[in-house]
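A.B. asks: Here it is, the structure in full.
The numbers here are math on the coordinates, done by the rules we state, and not lab data. Just so it is clear, the model here is predicted, and its values are computed rather than measured. We place every Cβ from the backbone using ideal geometry, glycine too, and count neighbours over all the protein chains shown.
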Amino acid sequence: MKKISFMLFIGLIPVIVFSQKITKVWESDSLFLKPESALYDPSRKIIYISNINGEYLAKDGNGFISKIKTNGEIELLKWVDGLDNPQGMGLYKNKLYVADINRVVQINTSTAKIEKIYKVDSANFFNDITSDTNGDIYISDCFDNKIYKISNGKIKVWLESDFLSKPNGLLCTKDDVLVLNMKNQTAFAINKLTKKSREFFNGIDNLDGIVSDGANGYIVSGAWQGQLFHIDWQGNKKLIIDLGKEQIITADIEYIVNENLLIVPTLNKTVIGYKLMKFSIEKNK
């Protein structure tokens, strides 16, 4: 009762509160090869998984994209292959964008064909991708402290700033691009139009993935220590899953709001699904 009363008191903004009941509901077969990122395609009810399958940053052509169902069943292990070091992914309509070292690979999800490659010779390590509702694609260059943008079929540097410190996870909101810095444990919100920035939260090591909780909060991963946090709309953080004792890495996560299902690639051989029990205090009408 105390928790509910508190949430009602703080205001009329929709809020998601996760209870302590977080259940592991499945773990995939051990067929993946360094699964790094997960992305849900609601139109096909399929989850894409990027597999590095080799040494980090090796241009070896071993990387591939898998498709799995929401129950953890592998539908197709090597749906698209021939990539080098596939990491984060973004989706706009039937185009899947994959970060692949110094290039972004555009895949047609209907045909599984690579339609276009956006290559940047000077890029060091494209890490994560997020898509906007208007089709703009944002990409973090983790080792060069830059954010790139694909718009109107061209890729250019969108932001280069001192506050970027190994930028990894990205997420578009209505007005901002949220950026997770791995090096200084800090996340920033950057206005898409003005590029003005503000600190959102800090204090999490190895920041990697960020996803919406379906309301005004987020779930983020601290990859190498195997931690997952809920971040509320004010930037307050709460540890919800800690897999450190099991030595499980929590890489670039995905959250399927309608199913309360959190997808966790482990950078090993499996992908794990968790049900997050929650209740919400919605804005008064």
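A.B. asks: Work out from phi, with θ = phi - 60° and the Karplus expression 6.51 cos²θ - 1.76 cosθ + 1.60, the ³J(HN,Hα) of each residue of segment 200-206, listed in order in whole Hz, and give x for Gly and Pro.
C.D. replies: Once θ is set to phi - 60°, the couplings for segment 200-206 become 9, 7, 8, x, 10, 5, 6 Hz.
A.B. asks: Quick one: Karplus J couplings for segment 27-34, per residue in order, coefficients 6.51, -1.76, 1.60, θ = phi - 60°, nearest Hz, x for Gly and Pro?
C.D. replies: Rounded to whole hertz, the list is 9, 5, 4, 7, 10, 6, 10, 6.
A.B. asks: Ranked highest first by average number of other Cβ atoms within 10 Å, how do 179-187, 207-215 line up?
C.D. replies: 207-215, 179-187
A.B. asks: About its Cα centre, how strong a charge dipole does segment 27-116 have in debye, to the nearest 20, once Lys and Arg get +1 and Asp and Glu get -1 at the Cβ?
C.D. replies: Working: 12 positive and 12 negative charges, 95 e Å.
Charge dipole, segment 27-116, about its Cα centre: 460 debye, nearest 20.
A.B. asks: Follow-up. Dipole size in debye (nearest 20) for the chain around its Cα centre, Lys and Arg Cβ +1, Asp and Glu Cβ -1?
C.D. replies: 780
A.B. asks: Roughly how large, in nm² to one decimal, is the mean projection of the convex hull of the alpha-carbon atoms in segment 27-145?
C.D. replies: Spelled out: convex hull of the Cα atoms, projected over all directions, averaged, 7.1 nm².
A.B. asks: Please list, ordered by chain and number, the residues whose modelled amide H lies under 5 Å from the amide H of GLY61; skip anything fewer than 5 residues away on the same chain.
C.D. replies: Those lying under 5 Å, H to H, from GLY61 are ASP84.
A.B. asks: Another question, then. Can you run phi through the Karplus equation (6.51, -1.76, 1.60; θ = phi - 60°) for segment 63-76 and list ³J(HN,Hα) in whole Hz, with x for Gly and Pro?
C.D. replies: Along segment 63-76, the couplings run x, 7, 10, 9, 10, 10, 8, 6, 9, x, 6, 7, 7, 8 Hz.
A.B. asks: Here is a follow-up. Using helices alone, I'd like the mean residue ellipticity at 222 nm for the chain: each DSSP H run of four-plus residues gives -39500 (n - 2.57), total over residue count, nearest 500.
C.D. replies: -1000 deg cm²/dmol
A.B. asks: With an 8 Å Cα cut-off and a minimum separation of 6 or more residues, compute the relative contact order for the chain in percent.
C.D. replies: Rounded, it is 19 percent for the chain.
A.B. asks: Sequence neighbours fewer than 8 away in the same chain don't count; with that in mind, list the lysines whose C-alpha is under 18 Å from LYS192.
C.D. replies: Once the sequence-local lysines are set aside, what remains near LYS192 is LYS146, LYS149, LYS154, LYS156, LYS174.
A.B. asks: Taking only Cα atoms of segment 131-285, what ratio of Rg to Rh do you get with Rh as the Kirkwood inverse-distance radius?
C.D. replies: Details: Rg = 15.6 Å, Rh = 16.1 Å.
On the Cα set of segment 131-285, Rg over Rh gives 0.97.
A.B. asks: Consider the candidate values [x] 57, 49, 36; [y] 55, 44, 36; [z] 51, 45, 41; state which one is Cα extents along the principal axes in Å computed from the structure displayed.
C.D. replies: Here the calculated entry is [y].
A.B. asks: Dipole of the chain (Lys/Arg Cβ +1, Asp/Glu Cβ -1, origin at the Cα centre): which of ASN145, GLY209, ASN94 lies farthest to the positive side?
C.D. replies: ASN94
A.B. asks: Further question on the same structure: Using only the Cα atoms of segment 206-285, build the gyration tensor, take square roots of its eigenvalues as a ≥ b ≥ c, and label the shape rounded, prolate or oblate: rounded if a/c is under 1.5, else prolate if a/b is larger than b/c, else oblate.
C.D. replies: It is prolate, given that a/c is not under 1.5 and a/b is the larger ratio.
A.B. asks: Any idea what the relative contact order of segment 34-164 is, in percent, if you count C-alpha pairs under 8 Å spaced at least 6 apart?
C.D. replies: Relative CO of segment 34-164 lands at 14 percent.
A.B. asks: Alpha carbon centre of segment 18-66 versus segment 139-174: separation in Å?
C.D. replies: What the calculation gives is 22 Å, centre to centre.
A.B. asks: A further question follows. Using Cα pairs under 8 angstrom and six or more residues apart, how large is the relative contact order of segment 181-255, in percent?
C.D. replies: Values: 165 pairs, mean separation 18.3, N = 75.
The normalised contact order for segment 181-255 reaches 24 percent.
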